[in-house]
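First comes the structure, then the notes that go with it.
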Amino acid sequence: MAVTKEAVLSGLEAVASPDGTPLPSTGKLSDIIVSDGKVFFSITVDAAVVQAWEPVRKAAEAAVRAVPGVASAMVALTGERSGGARGGAPERPPAAPSPHAGRGRPAAHTAERQPAVPGVGAIIAVASGKGGVGKSTTAVNLALGLRDLGLTVGMLDADIYGPSVPKLLAIRGKPELQGGNRLRPMEGYGLKVMSIGFLVEEETPMIWRGPMVISALTQMLREVEWGTLDVMVVDMPPGTGDAQLTMAQQVPLRGAVIVSTPQDLALIDARRGIAMFNRVNVPVLGLVENMSYFVCPKCGERSDIFGHGGAQHEAERQGVPFLGAVPLHMEIRETSDAGRPVVATEPDGAHAKVYRAIAGKVRDALGSGPSGRAAPKIVIEA
C-alpha cells in the first residue's frame, strides 16, 4: 500500500501538542517527505520549550509507524530562538582552541563533551572547505584502507544534500528495522554504512533547513545498530557553515582529515575547515592533497593541472601533518563511478597503496600498536 502525506497527517491528528492542540493544527510541522514507505518530517518549536515537546516527537513517530504501509519514520525536533528572545539560555561563546588543536595530537578532553556512541571506538571526520575536491572518494578509500589495516570500520555519510557513499560503494536497497525503532546499517566491502541516500530515492531533493539536517544526522548516528567498531569515518558535508559547525560540535569526533586540491582557491577553503575544527577543539589529524598531479597514460608526461604541493606547504604552515598526495587519474574516477573503490578492487595497485599509506598515518595519529600489527580497539570514555 502506497503511503500518502494525507494518510500521515490523518495519523498525526491523534497526537496532541503540550497545550492539547492536534499536532497538524499547530503550525509546527515541516513539509512531510514520503519515499518508499519511509516518512521524514520535523517539528520546529521555540528553543525554550524543546523538552516539553520531546514526548510529542516520540508520539508522532509512533503514530506514523502505525499508518498502514509505513516502513519507518524519522521525526526531527528542532528548537529555534526567536529574534530578540531573552527566555532561552544564553549562547555559550566558542571555546578557546586547545594548545594542540590542529597539531595532529588528540586532546584528551576533545570528545568528552558529547556522549560516546556505544560500541564505537573512535569517530573521525573527513571534511573539505568546499565541494568538488574529491572528499567522498577520499573518505571511502580511507575507510577501506583502515579496514585493510585490521580495523573494524563503519562509515556515516553525513552529506545530507548530496549523499555519494551509496554509489561509491554500489550499495542498493533499504536498511531494515531492528527492534522496532532502530536501523540496521547496510554493508559493503566489509564496511558498515549508513546514509540518507538509502532512505530516499536518488533524485529526491532534500529541502531541509539546518536544524532538521542536524537532527537527522544525530538519529542516523545514534539510532543505528552499529555493533562494535574500532573506527567510524564520517563523510562530512562540504563547507564550513552552520550545519558543519554544529555537526562538529555534536558528534564526539576524535579528529578530522581535511581534503584539498593544490590550487590556492581550494586552499583558502581548507584553511577555513582547519579553523572550524580548531574552534571546537577537534584535532586535525592531517591534510590530504587530492588531484595532486596528472600523468598522461599514453606518453607518461606529468602535468600539474591544479598546481602541486600547495596542500603540503599549507600543512607545514598550519603545523598539521601532511598525510599524502593522491594523483588525478582515470582509474580512480572510473572505479569510483562504478562503485568499485580502488582500494577494494585494485588492492595491489599504486593508488591503493597511496590510500593505505594515508590510512596508516591516520591510525597512528589515533593510537596504534607496534609496527606491523593491527591497532587495538580505540576507546573513548563517555
Can you tell me which of 18-27, 220-229 comes out highest on packing, and rank the rest after it, using the mean Cβ neighbours within 10 Å? 220-229, 18-27
With a 10 Å radius around each residue's Cβ, average the other Cβ atoms per peptide and rank 341-351, 157-167, 283-293, highest first. 283-293, 157-167, 341-351
Once you have all Cα-Cα distances for region 298-364, histogram them in 10 Å bins from zero and send the whole-percent values. 18, 41, 35, 6
Burial order of peptide ranges 231-239, 270-278, 325-333 (average beta-carbon count within 10 Å, highest first): 231-239, 270-278, 325-333
Just read off the accessible area of residue 10 with the full protein assembly in place, 1.4 Å probe, to the nearest 10 Å². 80
Whole-Hz ³J(HN,Hα) from phi, Karplus 6.51 cos²θ - 1.76 cosθ + 1.60, for region 350-361, glycine and proline x: 5, 5, 4, 5, 5, 5, 5, 5, 4, 4, x, 5
Could you calculate the contour length gain from residue 58 to residue 299, that is, 0.36 nm times the residue separation minus the distance between their Cα atoms, to one decimal place in nm? 80.5 nm
Net lengthening on full extension, residue 272/residue 51 (0.36 nm per residue, minus Cα-Cα): 76.2 nm
Largest to smallest accessible area among 58, 361 [probe 1.4 Å]: 58, 361
Taking a temperature of 20 °C and a viscosity of 1.002 mPa s, what whole-number D in µm²/s does Stokes-Einstein yield for region 280-337 with Rh from Kirkwood over alpha carbon pairs? 168
Kindly give Rg over Rh for region 4-44, based on alpha-carbon atoms, with the Kirkwood expression for the hydrodynamic radius. 0.97
Projected label distance in nm at residue 222 and residue 177, using a 7 Å step from Cα toward the beta-carbon: 2.1
When every protein chain stays in place and a 1.4 Å probe is rolled, 298, 174 sorted by accessible area with the largest first are 298, 174
So residue 340 and residue 71, fully extended at 0.36 nm per residue minus their Cα-Cα distance, gain in nm 93.9 nm
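The values are calculated or read from the model by the stated rules, or taken from the named source; none is laboratory data. All values reported here derive from a predicted model rather than from experimental measurement. So basically every Cβ, Gly included, is an ideal-geometry build from the backbone, and we count neighbours across all protein chains shown. Accessible surface is based on the protein model in full, side chains and every heavy atom, while ligands, DNA and RNA are left aside. Shrake-Rupley method; radii C 1.70, N 1.55, O 1.52, S 1.80 Å.
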